[in-house]
Amino acid sequence: MRKLAAGNWKMNGLRDSLSEIGTLSETHASPAVDVLICPPATLITPARAAATASIAIGAQDCHAVSSGAHTGDIAAEMLVEAGASAIIVGHSERRSDHAETDAMVKAKAEAAIGAGAIAIVCLGETLEEREAGSTISVVAKQLAGSLPDGATAANTVIAYEPVWAIGTGKVATPEQIAEVHEALRIDLQDKMADGSDVRILYGGSVKAANATEIFALPNVDGALVGGASLTAEQFSPIITALEAAS
Ligand code: 13P
């Protein structure tokens, strides 16, 4: 399986930031792992133009249907036409800011796949859920509810992002990451014929300083990186660490 270093720029970036993608393209001309940058929707088309073929461009959300009266929303087909080859769905910031349920996330993931994009389905527990000892049951329920019908290892990626580790500088411990990724792997094997090959990414305060330790863990097939994906200077060593672990 080819590992995946994915960057989620969230609501950051104007045209100035495209130079970071140009730099990444030069530094990683033929990477040994898949590299993906998900800029804000406004930058997908110029990001695709700024990147070489070695860097994929993705989106951060999509609507569940392909067209209609949904002011302000963007359909998966539109994102693909703009240049996105992957779409993040169910990020915890969407789940909390926009009250997205597992059923909505599943419908969005199916829309992404239907449009020909890879669906990156995010899940993860809150601090309260971890402290209550319910992490494994929470992520299992999210996976069961959010995994799209028709999911294959080629069209679906899972990202485990503990909510309390996102943007906080608090990275989950290797034991915590390994435990959740193993549980997800077993569930994926149970639910899918090719569940052993589905990429499971870790996300939450990944940076160059902790990437090597995280990438050495079993069932960690890459990372979904927020803050440290905003500059080539910080994201490049994460890509290199993943290549070294491949
Ligand atoms: P940070 O890497 O900034 O913690 O964000 C993680 C994340 O939410 C990626 O989707």
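Listed values, structure above:
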| item | result |
| --- | --- |
| Accessible carbon and sulfur surface of the stretch 3-136 relative to its total accessible area, %, 1.4 Å | 55 percent |
| Centre separation in Å (Cα based) which lies between the stretch 150-196 and the stretch 51-124 | 18 Å |
| Number of Lys pairs (Cα under 25 Å; 8 or more positions apart or on different chains) in the chain | 16 |
| Overall form of the stretch 122-246 per C-alpha gyration tensor (a/c, 1.5; a/b vs b/c) | oblate |
| Most to least packed among 196-204, 131-139, 156-164, 68-76 [average Cβ atoms within 10 Å] | 156-164, 196-204, 131-139, 68-76 |
| Burial order of peptide ranges 108-114, 228-234 (average beta-carbon count within 10 Å, highest first) | 108-114, 228-234 |
| Shape box of the chain [Cα atoms, principal axes, largest first, Å] | 45, 45, 33 |
| Ordering of 179-191, 79-91 by packing [mean C-beta count within 10 Å, highest first] | 79-91, 179-191 |
| About the Cα centre, charge dipole magnitude for the chain (Lys/Arg +1, Asp/Glu -1 at Cβ), debye | 300 debye |
| Where the stretch 51-209 is the region considered: accessible area per residue in Å², 1.4 Å probe | 42 Å² |
| Rel. contact order, % - alpha carbon contacts under 8 angstrom, at least six apart, the stretch 152-224 | 43 percent |
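The values are calculated or read from the model by the stated rules, or taken from the named source; none is laboratory data. As the structure is a computational prediction, the values presented were derived from the model and not from experiment. Cβ coordinates were reconstructed from backbone atoms using ideal geometry, including for glycine residues, and neighbour counts include every protein chain displayed. Side chains included, ligands, DNA and RNA excluded: accessible areas come from the protein's heavy atoms. Shrake-Rupley method; radii C 1.70, N 1.55, O 1.52, S 1.80 Å.
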